[in-house]
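A short worksheet on the structure shown next.
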Amino acid sequence: MVIKHEKKTFTIQPNEDKSEFFLFITVKGYNGEIFIVTANKGDKVVRIFDLQGEEQGRFRGGKKIMALHPVETTIADTEVRGIIWADKFGEVRFYNLTQLGKEKTEEEEKKETTAADQEKEEGGKLLFGHQEIISHLVLNPSKTFILTVDVARKIKVTHFPNVVDMHSMNFNHTKEITNAFFVSDGVFVTYSKEDSHLSVFSIEKDNTSLLFEIKPFRDLDSISSIGDFSLSQLSGSRFAAVSSQKVVIMKVEGSELVTVETKDRNGEISTVEEAISDS
């Protein structure tokens, strides 16, 4: 896999016989140094590289890695950088990278393994879990809420870093949730493709409430004629319904869904990225 970061290009070889990476993020370590974090397709291992392509560490999930998100936060007046990640087992963990890139002292090298070291070996601190496979894990723009969805349609909104504050819901959707994303710091969208059920939720201090829902979403005037479509998150409060013929860009305004623009693809745009690139 060829990695391009700013003006630097280097190659990272997949682990063992795996041929593809399906998760790839960049994170900051000690003194702001950039590191590349990857997980192989179908693999349980997360690997951490420096910008020279040298592996600096790794950890293993219980099952296939489902999501990786970089976070920066302050805990007890200390800046903390790391990764929030989930595996197919249903666990959500935080892997602290604050000291990554910092040279160990001779005393630290000789120090016996501690409980914290063991926790790191296991992929970091366990934040919370689901009883079913996690299908979606996303963070809001300010990284203060973790939104998770499992295959049993259970939705959890968890405050970060204070994960003891959690709103848990398993209502509203009757079919598998195929999309889940934030459109602002306190508003998120979920969508079930099978019955075309779109829901928009608002996060308050003590609970998460339903703002509005559209069912069937496919019958909305602006998208009823575009054929089979998928949803794609855009910047700000916008998202798009993308079909082979058209791209319909929408945004959430208060308790309403507003159509911003409709673009013809004319059979010339092959990917979602190309379809929304000028938006």
Qualifying positions in segment 232-245 - in a strand (DSSP E or B) and either closer than 15 Å to Phe181 by Cα or in contact with a Lys or Arg (Cβ under 6 Å, 6 or more places away or on another chain) (or both): Ser232, Gln233, Arg238, Phe239, Ala240, Ala241
Considering only segment 169-231, give the strands (runs of 3 or more DSSP E) lying wholly within it that have at least 3 residues that are β-branched (Val, Ile, Thr) and either without any contact (Cβ under 8 Å) to a residue 60 or more places away in the chain or within 20 Å of Val260 (Cβ to Cβ) (or both). 187-192
Residue under question is Thr98, and the condition is that it be modelled with pLDDT under 90 and assigned to a loop (DSSP other than H, G, I, E, B); does it hold? yes
Exactly one condition in (1) more than 20 Å from Glu91 (Cβ to Cβ); (2) at pLDDT 80 or above is not met by Leu68; state its number. (1)
Please pick out the residue among Lys154, Lys143 that is under 23 Å from Phe94 (Cα atoms), buried (at least 18 other Cβ atoms within 10 Å of the Cβ) and charged (D, E, K, R). Lys154
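Look through Glu119, Glu132 and report the one residue that is of a type in the set (D, E, K, R) and modelled with pLDDT of 90 or more. Full working, then the answer.
Working: Glu119 fails: modelled with pLDDT of 90 or more.
After ruling out the rest, the residue left standing is Glu132.
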Scanning segment 186-226 for residues that are surrounded by fewer than 17 Cβ atoms within 10 Å (Cβ to Cβ) and of a type in the set (Lys, Arg), which turns out nearest to the chain's Cα centre (by Cα)? Lys205
In segment 162-178, residues that are buried (at least 18 other Cβ atoms within 10 Å of the Cβ) and within 16 Å of the chain's Cα centre (by Cα) total 1
Against the condition under 24 Å from Leu147 (Cβ atoms) and not assigned by TED's automatic domain parsing to the domain that holds His136, how does Thr78 come out, does it pass? no
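Would you point out which residue out of Ser244, Ser224, Ser202 is among the small types (Gly, Ala, Ser) and modelled with pLDDT under 90?
On the way: Ser224 fails: modelled with pLDDT under 90; Ser202 fails: modelled with pLDDT under 90.
Going through Ser244, Ser224, Ser202 in turn, just one is among the small types (Gly, Ala, Ser) and modelled with pLDDT under 90: Ser244.
To keep it simple, each residue is scored yes or no on (1) loosely packed, with under 15 Cβ neighbours inside 10 Å; (2) modelled with pLDDT of 80 or more; (3) over 17 Å from the mean Cα position of the chain (by Cα); (4) more than 23 Å from Ile146 (Cα to Cα).
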position: Thr11; (1), (2), (3), (4): yes, no, yes, yes
position: Pro14; (1), (2), (3), (4): no, no, yes, yes
position: Lys18; (1), (2), (3), (4): no, no, yes, yes
position: Asp50; (1), (2), (3), (4): no, no, yes, yes
position: Gln56; (1), (2), (3), (4): no, yes, yes, yes
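Take the residues in segment 227-242 that are of a type outside the set (S, T, N, Q) and surrounded by 14 or more Cβ atoms within 10 Å (Cβ to Cβ); name whichever of them is nearest to Ser255 (Cα to Cα). Steps first, please.
Taking segment 227-242 as the starting set, the residues that turn out to be of a type outside the set (S, T, N, Q) are 227-229, 231, 234, 236, 238-242.
Cutting the leftovers down to surrounded by 14 or more Cβ atoms within 10 Å (Cβ to Cβ) gives us 229, 231, 234, 238-242.
On the way: Phe229: 23, Leu231: 19, Leu234: 19, Arg238: 14, Phe239: 16, Ala240: 18, Ala241: 19, Val242: 23 Å.
Among those that are of a type outside the set (S, T, N, Q) and surrounded by 14 or more Cβ atoms within 10 Å (Cβ to Cβ), it is Arg238.
With Asp43, Asp87 as the choices, which residue is within 17 Å of Ser135 (Cβ to Cβ) and charged (D, E, K, R)?
Numbers: Asp43 fails: within 17 Å of Ser135 (Cβ to Cβ).
Among Asp43, Asp87, only Asp87 is within 17 Å of Ser135 (Cβ to Cβ) and charged (D, E, K, R).
Glu108 - would you say it is under 25 Å from the mean Cα position of the chain (by Cα) and at pLDDT below 65? Full working, then the answer.
On the way: under 25 Å from the mean Cα position of the chain (by Cα): no; at pLDDT below 65: yes.
Spelling it out, it is not the case that Glu108 is under 25 Å from the mean Cα position of the chain (by Cα) and at pLDDT below 65.
The values are calculated or read from the model by the stated rules, or taken from the named source; none is laboratory data. These figures come from a predicted structure and were not determined experimentally. Quick reminder, even Gly has a Cβ in these numbers, built from the backbone with ideal geometry, and neighbours come from all protein chains shown.
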